[in-house]
Amino acid sequence: MTTLERLSPARGGLAASGALLLLVAAAVAAGVWLQFGERQTLAFRHSTGSTAPDRVNIAASVQRIDAAGRELVLRVLVTPRGALAEAGGVSPSADLTLQTSSAVRGDLTLRAHSRITTMDVPVTPTGGSVTDYPFDSYDTTLEFGARQGGEPVPVRMTLTNNDALFSAAVDGSTADGAAVFDVGLERSGSTFAFALFMMGAMWALAVSVLVGGWFLVTRRRGLTWPALGWMAATLFALAAFRNTAPGAPPVGSLLDYVAFFWAEAIIALCIVVVVVTGIRAEDPPSG
């Protein structure tokens, strides 16, 4: 064997390793780029309202969205400014009432000379159905006006989102001195991508079990216990895998009807068929 012939496999191995490293690097770079883009989308900050020196600042952030329970938790921090405040905005100079939209469950009252703390306010989103997961979307309107001493006062509101499972499209405006946000909510890109991956993985596993079962049946392999163990493990593992879906969608979601139910049915049927044909293929015990 010549030296060139001996070096050819080594060169081929180096080329394959280099291509694999480039593929891994490209995948990592694409992942970082996608994550950065989603972080930019989620880290939005929308402001609307008055810029008068004597006003009420409202910093609101979406903390958690429970699509199944139809509840959005909004964390609110109120800071009066100028003549409306005491101690640099720590407390209002007179009783301050925040008037909210119907989607927000109740108005908020801050007592005069009392320290202001953050408040978690439940909001009811409308539209959409959680059973459309991961294609479900919702809407809500956040409206905050303020009155102090029985008189309306200017409001400026800022809205952010801290729930990584949802992305928000926000349209801000001002109506009769109140700050208004029309908010559209849909699953974030990572949640959507993972749900699609889950559906693809479920079908891939179901087809793998189907092909394995067909091989055992057509070759009359009998009761091949390692293969049966793998099939049964896949049947139960899929149920646990389905329960890891981001946002914990309820049973009966689109995810189930598109992939999970079919995958479980195919795998269960394959196990039964393989067992029945395996018993028939087994040699009868010697007399």
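Tabulated data
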quantity	calculated
Cα gyration tensor shape for region 129-287, rounded if a/c is under 1.5, else prolate or oblate	prolate
Neighbourhood net charge (13 Å Cβ-Cβ; Lys/Arg +1, Asp/Glu -1) for A206	0
Rough spin-label spacing in nm, given labels placed 7 Å along Cα→Cβ, for T126 and A52	2.9 nm
Gain on full stretching of the segment that runs from R115 to F135 - 0.36 nm per residue minus C-alpha separation	2.9 nm
Computed FRET value (nearest 0.05) for A193 with L269, which takes r as the C-beta separation and R₀ as 25 Å	0.25
Virtual paramagnetic centre 7 Å along Cα→Cβ of R45, amide N under 12 Å, in region 125-154	none
Computed helical MRE - 222 nm, the chain, DSSP H runs ≥ 4 contributing -39500 (n - 2.57), nearest 500	-13500 deg cm²/dmol
Within-10-Å neighbourhood charge of S173 [Cβ basis; K, R +1; D, E -1]	-3
Residue list for region 162-201, given a label point 7 angstrom along the Cα-to-Cβ vector of W262 and an amide N cut-off under 12 Å	199-201
D176 versus V217: modelled label distance in nm, points set 7 Å from Cα along the beta carbon direction	6.9 nm
Carbon and sulfur %, accessible surface of region 112-211 computed with the full protein complex present, 1.4 Å	57 percent
Highest-first arrangement of 228-241, 152-165, 80-93, where packing means the average Cβ count within 10 Å	152-165, 80-93, 228-241
q = 0.10, 0.14, 0.16 Å⁻¹: log10 I(q)/I(0) that the Debye formula gives for the chain, counting C-alpha atoms only	-0.75, -1.03, -1.15
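The values are calculated or read from the model by the stated rules, or taken from the named source; none is laboratory data. None of the values given here were measured: they were computed from a predicted structure. All Cβ positions, even for glycine, are placed from backbone atoms using ideal geometry, and neighbour counts span all protein chains on display. Ligands, DNA and RNA are excluded from the accessible area calculation, which covers all protein heavy atoms including side chains. Shrake-Rupley method; radii C 1.70, N 1.55, O 1.52, S 1.80 Å.
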